[in-house]
1. What distance in nm separates the two pseudo spin-label positions at ALA132 and ARG18, each 7 Å out from Cα along the beta-carbon direction?
2. Starting from the Kirkwood Rh over alpha-carbon pairs, what translational D in µm² s⁻¹ does region 104-148 have by Stokes-Einstein at 4 °C and 1.567 mPa s?
Amino acid sequence: MRGARVVQKVSSTRGFARVAPHVVPALDRAVHRLTRGKVLLSAQLLPGVVLTSTGARSGLPRRTPLACMPEGGRRRWILVGSNFGRPGHPAWSHNLLAHPDAEISWKGRDVPVTAVLLAGEERAAAWRALLAFWPPYAAYQARVEREIRVFRLVPRRESATGGGPPA
């Protein structure tokens with residue numbers, strides 16, 4: 001798909017990394033609110049969620065529209081703390097480290113989730129899948145010295161039962 005390749009190329013640039021964090025989330029929040037959670041503007045290109053996490057320092061709810069990679073047919077999602085290839089980790093990733101229980105809005109439905117920071121081979125396998133899913137993540141990682149955080153979101157009822165599918 002030619003259009004997707006153009007968007008991937010543009011989203012890999014430093015200029016996009018400077019502008020997008022100020023524009024994309026604001027547009028996503030507005031459209032999501034206006035459509036009562038049914039539409040995320042950026043999800044027209046990539047699947048997306050609106051993450052409601054608890055602020056690491058403030059303890060207040062924080063809503064952040066994010067691209068995600070749904071995992072297969074399972075109700076699990078991968079979030080990437082790429083921060084558009086900017087140096088620091090995004091605030092939402094600090095929030096999930098401090099308070100892993102969160103909620104996402106997924107296709108108009110609210111889903112309570114627990115976030116798990118991936119490490120080792122589990123992260124490596126997810127990273128390979130992410131690069132196949134959205135190649136610009138490689139450009140984001142190449143621009144920063146930090147390891148980009150990768151989280152798996154699991155519905156809370158699954159995480160309470162050991163991570164397997166509900167009985």
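Quick note: the coordinates plus some simple rules give every number you see, no bench work behind them. Small disclaimer: the values here were computed from a predicted structure and weren't measured. Because the Cβ atoms are built from the backbone with ideal geometry, glycine has one as well, and the counts that use them run over all protein chains shown.
1. Here the modelled spin labels are 3.6 nm apart.
2. 103 µm²/s
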